[in-house]
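Rule-based calculations on the coordinates, nothing more; no lab input. This one's a predicted model, so the numbers in the text were calculated from it and none came from an experiment. Ideal geometry is used to build each Cβ from the backbone, glycine not excepted, and the neighbour counts take in all protein chains shown.
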Amino acid sequence: MKKSISRLPNVLKQFRARSFTQVRSISRSMATPSLIASRQAVKIGSFQVQSRLWNGTLTTSESTSNVALGDCPGCGAPFQKADPTKPGFLANRKKNSSNVMKKQSKSMSNDEYKSALANLDPETRALLEGKEDNVIEEEELAKEAQAGHQERNVCQRCYALQHHNANTTESSPEFLRASQQYGSLEFLKTKQDPLIVTVFDVTDLPASLGNLPQLIAKNPGARILLAANKMDILPANARKHEQRIRDWIVQHVKSLGLPTNQILSVTLISAKKGWGIPILMRKIDKERRPTDDVYLVGCTNVGKSALVNQFMSQIRGTLDAEGRRLKSQLKAQYKITSSAVPGTTMGTIKVPLYALGMDSAEENENRDDWEKRRFATRNRYLIDTPGVINDQQLIHQLEYKDQKLVVGQKEMNPVTFKLEPGKSLLLKPLVRIDLLESSKPVMFTMFSALSPHLTRTDKLPPAHALEDKPTNIRPVKDESILRMDSLVPMDEIIRVQGIHRSQASVDFSFAGVGWVSLTGEFDNAKFRVWLPKDIKPHEVFQIRDPPFLPFEYKGSIRKFFGSGERTRK
């Protein structure tokens with residue numbers, strides 16, 4: 001039974017009663033430090049442990065004073081005022097006066113308007129009375145609620161990401177591990193039959209799953225809902241074959257060690273465009289028990305926070321002004337910061353299920369009084385956890401401006417290059433593939449946001465160190481190519497057998513930056529793959545057999561030689 005959507009109007013009514021009291025008490029609670037301290041005193045013990053992580057230089061008194069500040073609602077990091085380069089820094093920003101409407105000198109108050117309206121004749125009063133008194137009061141409360149949500153404090157990092165698309169802190173894996181409030185998901189092993197929504201990037205398997213299959217497999221009672229995000233990036237022709245994509249995902253995660261009997265469903269979604277979000281919400285509501293919290297897990301940059309924001313956008317209430325106001329109020333109150341920065345969410349963020357229309361509020365109202373006294377009830381939550389850090393993803397090797405291009409890429413436009421022995425395909429500046437031997441040319445179909453570059457192998461600067469022979473080849477002037485001097489070759493020579501002239505044989509997948517498909521009827525082709533230093537090559541580079549999208553080569557070859565930026569035009 002689809003109970004979530006039908007219950008939403010009652011959810012808005014339930015939220016209406018508590019929202020006005022919260023808005024009216026905001027100024028009073030903020031003006032009473034002792035009250036705030038008493039509300040946050042329960043967090044002292046946990047925060048002192050956390051303060052040693054990224055505020056290790058603070059004294060005990062400073063750490064205790066930060067407890068009263070609470071947590072950032074955008075990223076979950078505890079507020080602090082000691083270091084602006086650390087997460088959770090609470091800056092004293094000036095109130096934006098541009099949104100405040102100036103009061104006109106000739107305007108009338110509500111009491112003056114009512115008294116003037118009462119002195120008019122009945123016919124004129126009937127023409128001017130467009131709104132009733134209760135409607136005017138509701139509009140005033142709506143303005144108060146809107147003003148209250150505009151004053152929601154977020155940390156400096158969230159503010160810069162939301163308004164300026166800039167990052168004020170580091171984003172390296174080491175920094176994220178030292179800064180995240182809860183950097184491990186080991187607590188899931190102790191939960192009894194938890195309901196886990198595992199979000200992953202459909203264009204970055206298996207890297208976007210990290211160690212989640214092994215972690216989830218340690219809890220045999222866990223119920224798994226797989227959510228394959230970023231379906232909007234796949235080519236339009238590939239998106240038509242949804243069942244084939246689902247079957248490939250199940251087969252792939254099974255090979256990674258995740259038991260298929262724990263997988264309840266596979267949902268193809270796009271948190272950016274809202275595709276598949278209502279279907280996923282109905283599946284969550286169907287599988288959720290009355291005592292269940294819902295855990296949202298996944299690696300960094302898979303779109304968990306964007307998915308929560310899409311959940312809030314799917315709330316459907318009444319179409320009157322009150323319903324629209326309450327919907328916008330819920331979205332403003334529980335909005336989570338989402339960006340291209342890896343590890344944007346620093347701590348655990350809880351969103352009440354009643355705000356999503358999946359709470360058992362009606363069931364509690366229908367219970368008898370003796371049942372309410374017998375069973376203790378509490379709100380259940382959708383818990384957005386910090387992203388699992390996979391430091392082997394190559395996106396961590398890029399600067400922030402390049403990370404934005406990779407994470408925010410649009411629909412893929414597969415481009416096919418023909419490689420012959422003695423030539424190399426570069427995905428600048430992170431990957432290099434040399435074709436050493438092959439009986440026939442190999443077709444490389446690219447599925448990556450990195451810029452390609454096709455050239456002869458002996459022109460590349462690192463090749464001279466391997467082939468001890470002089471060369472008079474004209475040097476390469478492209479700076480991004482020169483940066484690839486830091487790449488090192490893998491120890492193994494990759495051997496591939498081509499099986500079909502128009503169907504891909506295998507995928508060469510590179511963690512965090514996409515993949516290339518190999519097509520053609522070639523025998524015993526030998527490849528050398530180059531990757532950045534200080535990584536684990538066998539975790540970055542994966543050979544996927546069978547390939548993910550084997551039919552995207554349409555027989556058209558890009559006749560191009562040189563820098564590949566023009567292939568995107």
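Net charge in the neighbourhood of A228 (other residues with Cβ under 9 Å of its Cβ; Lys, Arg +1, Asp, Glu -1) is +1. Near L518, once Lys and Arg are set to +1 and Asp and Glu to -1 for all other residues with Cβ below 15 Å from its Cβ, the sum equals 0.
Using a cut-off of 19 Å between Cα atoms, the listed pairs K189/K304; K272/K404; K81/K401 include K189/K304; K81/K401 as exceeding that distance. Computed FRET efficiency, Cβ-Cβ of I499 and D402, R0 45 Å: what is it to the nearest 0.05? The pair I499/D402 has a calculated efficiency of 0.80.
Computed from the C-beta positions of D193 and R244, the FRET efficiency with R₀ = 30 Å rounds to 0.45.
Site pair N165 and E437 shows an inter-label distance of 4.9 nm when each label is modelled 7 Å from Cα along Cα→Cβ.
For a Förster distance of 51 Å, can you work out the FRET efficiency between the beta-carbons of D491 and N110, rounded to the nearest 0.05? Result of the calculation: an efficiency of 0.05. Can you bin the stretch 274-326 into rounded, prolate or oblate? Criterion: square roots of the alpha carbon gyration tensor eigenvalues sorted a ≥ b ≥ c, rounded for a/c under 1.5, prolate for a/b above b/c, oblate for the rest. Verdict is oblate for the stretch 274-326. With a threshold of 19 Å on the Cα-Cα distance, the over-threshold entries among K191/K335; K191/K350; K428/K459; K418/K554 are K191/K335.
Of the trypsin sites (Lys or Arg not before Pro) in the stretch 508-541, the ones in a loop by DSSP (not H, G, I, E or B) with at most 15 other beta carbons within 10 Å are K533. The convex hull drawn around the Cα atoms of the stretch 216-329, when projected onto a plane and averaged over every direction, covers 9.1 nm². When each of the peptides 388-396, 210-218 is scored by how many other beta carbons lie within 10 Å of its residues on average, the order from highest to lowest is 388-396, 210-218. Per-peptide packing, taken as the mean over residues of other Cβ atoms within 10 Å, places 239-246, 202-209 in the sequence 202-209, 239-246 from highest down.
Here is the list for the stretch 375-449: GluC sites (Glu not before Pro) lying in DSSP coil, each with at most 15 other C-beta atoms within 10 angstrom of its C-beta, are E399, E411. Sorting the segments 186-192, 160-166 by their residues' average number of neighbouring beta-carbon atoms within 10 angstrom, most packed first, yields 160-166, 186-192.
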